[in-house]
């Protein structure tokens, strides 16, 4: 009989995870017992306070890891170059990259929560349906809107999704990673179908996301079963040892890696698994789209980095050719299809697909800092920096999208944005700045991010992928300039666009996104240094 060993739980190092999960559960209790009139302010304040407390925990853990006494505290793992620890029986790992990703996710979660709490843009109600159970266009739905009802359950759903996002890159075995994948996905399926306006489009988006997400999860789970059959373990370190020592079942391993990749590539929106992205980004409430676009990509790429660098790092020559093809295909599909879009949210969705290809280019570089020349950056460092730049610009861009409106709500048709530069120079200028950052114009964060991932790919010999990346960047720049031309040089259609001026909540999100995009373009050094200090994944 196998003896049960009590798992060691490092409560201090898991503080951010526990706080986010605890606040999510407390939000469910608030929904059950608090009066309806008090739920909005209670949930909003509880969510924001919980995110701040979790962020404080990340900072304290980071300071402890960086302290001189780290070695004596038993936090050094491996060769002494990477700080971190394994917790709960080795299922969760807290190391430098984990803390970096947690910090990003919490910041993006905080900005997303501000957008969730916005009520000024739509006449005192939020972007979420008053009664999701009511059929669109019925008397019940009109009554819910008239009474100003609001689904405040969105706040605990946001926190549950954020908990899954934080657990995803911290997972140290395939089973925990699958659980995290489902925890982050299920709340997002619900949130995507809760739009107050254009309910049928929102519900269609939620259904597509759910069905395709269920298929991708099935691929991931089948891949995990095959890798377990190959290695005899779900734990990443044991899988890595099996990859190093066993070549007899390489076929099972390759099929397992391929199936696991399907699940992860679906979450990041890589081709050919990107079909859900434009429909879901367009149909979901814009605050959900902003949070999902930034947070899901950070979490999924963090999990992908850990899986391929830790579990399959010894088999790079098997999975890197696949990544070459996926990266090139994703960049071309995203850039080319974006040109044909006439809806701003769908355009940003295909732009997100192209950025996924750029980030995948960074995965092709050298991960171990010991193998780098002086002055070079690692693949992990470049990808972490790009995720930060992409997240801030995307959140800010979608926050701006929520400001341009007509009688039916948000005006996302590109023709409705014609003449926006004359109607509201500030809004048009900020949106143009975010688009230029996505295009990779110098003195913006996008330029430094692309330079980082392209540099590490070139250093690793992946120059054909970099050539395609440069070509895709040129095509993408054309579509961004097309939007800027419409805002500043095209004649308005009808009465022209209408801009709803936001409360301090959305304004803060836009301001932080713009400031971060500018600062990371002018002074990228501090964040690059922080990504370098984060070190490598521990094994």
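Points worth noting:
- Test set (1) surrounded by fewer than 20 Cβ atoms within 10 Å (Cβ to Cβ); (2) assigned to a helix (DSSP H, G or I) - residue 233 fails condition number: (2)
- Taking first residues from region 303-314 that are free of Cβ contacts under 8 Å to residues at least 60 places away in the same chain and partners that are surrounded by 21 or more Cβ atoms within 10 Å (Cβ to Cβ) and assigned to a helix (DSSP H, G or I), the Cβ contacts under 6 Å between residues at least 6 apart in sequence or on separate chains come to 304/264.
- Filtered residue count, region 521-537, keeping only those that are within 24 Å of residue 306 (Cβ to Cβ) and in a helix (DSSP H, G or I): 7
- Matching residues in region 10-38 - criterion: being touching a residue at least 24 places away in the same chain (Cβ under 8 Å), in a helix (DSSP H, G or I) and under 30 Å from residue 66 (Cβ atoms): 15, 16, 17, 19, 20, 21, 22, 23, 24
- Residue list for region 256-284, filter: within 30 Å of residue 412 (Cα to Cα) and surrounded by fewer than 19 Cβ atoms within 10 Å (Cβ to Cβ): 272, 275
- Yes/no for residue 58 being under 17 Å from residue 535 (Cα atoms), modelled with pLDDT under 55 and surrounded by 14 or more Cβ atoms within 10 Å (Cβ to Cβ): no
- Residues (assigned to a helix (DSSP H, G or I), over 30 Å from residue 234 (Cβ atoms) and touching a strand residue (DSSP E or B) at 6+ places or on another chain (Cβ under 9 Å)) located in region 92-122: 116
- Looking at 392, 454, 431, just one residue is without any contact (Cβ under 8 Å) to a residue 60 or more places away in the chain and surrounded by 22 or more Cβ atoms within 10 Å (Cβ to Cβ), and that residue is 431.
- Long-range neighbours under 7 Å by Cβ, at least six apart or interchain, first residue on the phi < 0 side of the Ramachandran plot and modelled with pLDDT under 90 within region 510-538, second surrounded by fewer than 18 Cβ atoms within 10 Å (Cβ to Cβ) and not in a helix (DSSP H, G or I): 536/368; 538/77; 538/78
- Checked against (1) within 19 Å of residue 291 (Cα to Cα); (2) surrounded by 24 or more Cβ atoms within 10 Å (Cβ to Cβ), residue 410 passes all but a single condition, namely (2).
- Residue within region 236-255 that is assigned to a loop (DSSP other than H, G, I, E, B), surrounded by 17 or more Cβ atoms within 10 Å (Cβ to Cβ) and at pLDDT 90 or above present: no
- Residue within region 175-185 that is without any contact (Cβ under 8 Å) to a residue 24 or more places away in the chain, surrounded by fewer than 23 Cβ atoms within 10 Å (Cβ to Cβ) and assigned to a helix (DSSP H, G or I) present: yes
- Scanning region 285-313 for residues that are more than 20 Å from residue 163 (Cβ to Cβ) and surrounded by fewer than 24 Cβ atoms within 10 Å (Cβ to Cβ) yields 308, 309, 310, 312, 313.
- Among the residues of region 11-31, the ones that are modelled with pLDDT under 90 and surrounded by fewer than 16 Cβ atoms within 10 Å (Cβ to Cβ) come to 2 in all.
The values are calculated or read from the model by the stated rules, or taken from the named source; none is laboratory data. Just so you know, these numbers come straight off a predicted model, no measurement behind them. FYI the Cβ positions are ideal-geometry reconstructions off the backbone, even for glycines, and counts take in every protein chain you see.
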